[in-house]
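The values are calculated or read from the model by the stated rules, or taken from the named source; none is laboratory data. Predicted model only: the values in this text are computed from it and were never measured. Cβ placement follows ideal geometry from the backbone for every residue including glycine, while neighbour counts extend to all protein chains displayed.
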């Protein structure tokens, strides 16, 4: 089994760090980097791109609402046309920095409240995914399970690599449980390892209700800002390797599978 291990990072701002990106980059195969809207700044983006390149880690744009105070996790009512332009803006920012340091953008993902809204609303997902395809149709969209995003991607001719968020709870529809609810974020390394093991072994995720949800994935994701993220990453990596799995950057994984996103 080959699978991508992915983490959100680059989410500090100026002198304020968020998470331990250095340690995570030694454990993951792909990185989603904040593009200055919900977090991050040009220097953090540049340093993260340089470090990812040095380690052979795939680089992706993590795009969100313009909401630094709320870390992109507050719902904002913005016209979809304006939101699509914001997506393009953030992709362009990280792509330019990546080119300048000799790396390349391989994928993107939607962050926080923007990602949750797009995952649940086909009418919102379509213009946002269309903006990604217009920017670069060869980019992968990394997304949690979402019929809305997957349907939009099929219409726009762009690939989706479904990811399992190892430190987040799911509802019965395969969508993420709101962070406002107890248990939405999972910190226990043993519980995360059990969830990853079940996914690798049985191809299912256990929802908060106890329901088993089939989830064919290309990637396993954790949040760099989650307390104990480095320990979680080590535990996930160990779980994958314990069953003979190989951790592979998502772009190579999809290319090896003949271009299929799922």
* Go over the candidates 171, 225 one by one and state the one that is closer than 25 Å to residue 39 by Cα and out of contact with any helix residue (DSSP H, G or I) (no Cβ under 9 Å at 6 or more places or on another chain). => 225
* How many residues, within the range 196-216, are in a helix (DSSP H, G or I), touching a residue at least 12 places away in the same chain (Cβ under 8 Å) and more than 18 Å from residue 234 (Cβ to Cβ)? -> 1
* To do: Looking only at the range 20-34, count how many residues are part of a strand (DSSP E or B) and either without any contact (Cβ under 8 Å) to a residue 40 or more places away in the chain or surrounded by fewer than 23 Cβ atoms within 10 Å (Cβ to Cβ) (or both).
  => 1
* To do: Please verify whether the range 155-162 includes one or more residues that are in a helix (DSSP H, G or I), out of contact with any strand residue (DSSP E or B) (no Cβ under 7 Å at 6 or more places or on another chain) and either surrounded by 24 or more Cβ atoms within 10 Å (Cβ to Cβ) or touching a residue at least 12 places away in the same chain (Cβ under 8 Å) (or both).
  => yes
* **Selection count, the range 65-90, where residues are buried (at least 19 other Cβ atoms within 10 Å of the Cβ), on the phi < 0 side of the Ramachandran plot, under 17 Å from the mean Cα position of the chain (by Cα) and outside any helix (DSSP H, G or I)** => 1
* **Residues that are over 21 Å from residue 213 (Cβ atoms) and surrounded by fewer than 18 Cβ atoms within 10 Å (Cβ to Cβ), drawn from the range 102-126** => 102, 104, 123
* **Qualifying residues in the range 241-251 (those that are over 21 Å from residue 52 (Cα atoms) and touching a residue at least 60 places away in the same chain (Cβ under 8 Å)) - the one surrounded by the fewest Cβ atoms within 10 Å (Cβ to Cβ)** => 244
* To do: Would you be able to say whether some residue in the range 118-130 is modelled with pLDDT under 95, under 15 Å from the mean Cα position of the chain (by Cα) and assigned to a helix (DSSP H, G or I)?
  => yes
* Structure fact -> Flagged in the range 212-230 as out of contact with any strand residue (DSSP E or B) (no Cβ under 9 Å at 6 or more places or on another chain) and either at pLDDT 90 or above or closer than 13 Å to residue 199 by Cβ (or both), in numbering order, are 230
* Asked: Of these, 233, 238, 180, 193, which one is loosely packed, with under 14 Cβ neighbours inside 10 Å and part of a helix (DSSP H, G or I)?
  -> 238
* From the list 98, 133, 93, 152, pick out the single residue that is touching a helix residue (DSSP H, G or I) at 6+ places or on another chain (Cβ under 9 Å), part of a helix (DSSP H, G or I), more than 22 Å from residue 65 (Cβ to Cβ) and free of Cβ contacts under 8 Å to residues at least 60 places away in the same chain. => 98
* Conditions: (1) at pLDDT below 90; (2) closer than 23 Å to residue 231 by Cβ; (3) under 15 Å from the mean Cα position of the chain (by Cα); (4) crowded, with 23+ Cβ neighbours inside 10 Å. Residue 145 meets all but one. Number of the miss? -> (2)
* Does the range 241-258 hold any residues that are closer than 21 Å to residue 202 by Cβ and either part of a strand (DSSP E or B) or more than 16 Å from the chain's Cα centre (by Cα) (or both), and which are they? -> 241, 242, 243, 244, 245, 246, 247, 257
